[in-house]
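Notes follow once the structure below has been shown.
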Amino acid sequence: MDLVNQFLSGLRARLSAEELEDLNTAHGAAQEDIDTLRAQYPDCPESLIRLLENIDGTYWRKYGDKEITVCILGSDVEEGRYPYYLLSTEEMLKSSKQEEDVSYLLEYEEEEEEEAVDPKINSEGLLPGQYLHFSDCMNNGGTSRLYIDFNPSDLGVKGQIIRFLHDPDEYAVIANSFDAYLQMLIDGEYVYLSEDED
């Protein structure tokens, strides 16, 4: 079983009945949107393309008459328990056109001793056309967002996964590739889907 199918199989086994019903409403991205994504981001990971060919977003995404909001992704926030939505291909293309400036955090680093920007991330920030914003957290992206970075620093790897966390602001690399990111979620047994209440 390939990685994307392995991820989706494990995901579906852990969703609640209601979430699974919503997710089963979803369909893959239109070929035209996939072609546009490939054209604008030739280094886009094949595993992300395959995921979008199965599910074209879960973030207030309308499929026919039904709108779904199902968190299917995670990160390292709250020991991996914080859930995220997958953006649609169209949302990814639209939201990846702005520069993500990290310079204000680099200035803080000189005063503080902690690193707010992972040294694997280019100090110029995430530049338009050089990253792909693919996921927002359950707080509509206000707390955390996930990116694929195609323009890392000399210490980083092209295609690395960056997690932004707000308050205090921080940019960290959480995986070296989208494949490694999916494997991290599988190995973590989809802990972000657990319904434990604090």
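The values are calculated or read from the model by the stated rules, or taken from the named source; none is laboratory data. Since the model is a prediction, treat every value here as computed from it, not as a measurement. Cβ sites come from the backbone with ideal geometry, for glycine too, and all protein chains shown count toward neighbours. Accessible surface is based on the protein model in full, side chains and every heavy atom, while ligands, DNA and RNA are left aside. Shrake-Rupley method; radii C 1.70, N 1.55, O 1.52, S 1.80 Å.
Heavy atoms only, probe 1.4 Å: what % of the accessible area of the chain goes to carbon and sulfur, would you let me know?
It is 42 percent, rounded to a whole number.
Given a 1.4 angstrom probe, what's the average accessible area per residue across the chain, in square angstrom?
Values: 10080 Å² over 198 residues.
In whole numbers, the chain has 51 Å² accessible per residue.
Run a plain Debye calculation on the chain (Cα atoms as equal point scatterers, no solvent) and give log10 I(q)/I(0) at q = 0.07, 0.09, 0.13, 0.15 Å⁻¹, rounded to two decimals, same order as the q list.
-0.19, -0.32, -0.68, -0.91
Spin-label point model (7 Å from Cα, Cβ direction): what's the residue 76 to residue 38 distance in nm?
3.3
When only DSSP loop residues count, what GluC sites (Glu not before Pro) in the stretch 158-198 have their Cβ near at most 13 other Cβ atoms within 10 Å? Display every interim value, and only then the final one.
Values: sites: 170, 189, 195, 197; in loops: 189, 195, 197.
Those that pass, being in a loop and sparsely packed, are 189, 195, 197.
Would you mind calculating the gained length between residue 94 and residue 124 on full extension (0.36 nm times residue separation, minus the Cα-Cα distance), in nm to one decimal?
Computed gain between residue 94 and residue 124 is 8.7 nm.
Once label points are set 7 Å from the Cα along Cα→Cβ at both residue 62 and residue 13, what is their separation, rounded to one decimal in nm?
Once both label points are built, they end up 3.6 nm from each other.
Assuming 0.36 nm per residue, please report the length gained on full extension of the stretch residue 140 to residue 154 beyond their Cα-Cα distance. Write out the running numbers ahead of the final one.
On the way: separation 14, 0.36 × 14 = 5.04 nm, distance 3.20 nm.
Between residue 140 and residue 154, full extension yields 1.8 nm more.
Given a Förster radius of 35 Å and the C-beta distance between residue 25 and residue 101 as r, what FRET efficiency does 1/(1 + (r/R0)^6) yield to the nearest 0.05?
Numbers: r = 37 Å, r/R0 = 1.06.
That pair, residue 25 with residue 101, gives E of 0.40.
Quick query: amide H of residue 68 versus all other amide H atoms, modeled in the peptide plane; which residues come in under 5 Å with a sequence gap of 5 or more or a different chain?
Amide H neighbours of residue 68: 61, 62, 63.
In deg cm²/dmol and to the nearest 500, what is the mean residue ellipticity at 222 nm of the chain if only DSSP H runs of at least 4 residues count, each as -39500 (n - 2.57), divided by the residue total?
Working: 7 runs with 64 residues, N = 198.
The helix contribution divided over the chain gives -9000 deg cm²/dmol.
Treating the beta-carbon of each Lys and Arg as +1 and of each Asp and Glu as -1, no other charges, what is the dipole magnitude of the stretch 143-198 about its Cα centre, to the nearest 20 debye? Could the numbers behind the result be given before it?
Working: 3 positive and 12 negative charges, 96 e Å.
Dipole of the stretch 143-198, to the nearest 20 debye: 460 debye.
Which lysines have a Cα less than 18 Å from the Cα of residue 94, not counting those fewer than 8 places away in the same chain?
Correct list for residue 94: 62.
Work from the charge dipole of the chain (Cβ charges, +1 for Lys and Arg, -1 for Asp and Glu, about the Cα centre) and give the residue of 10, 180, 25 farthest towards its positive end.
Most positive-ward Cα: 25.
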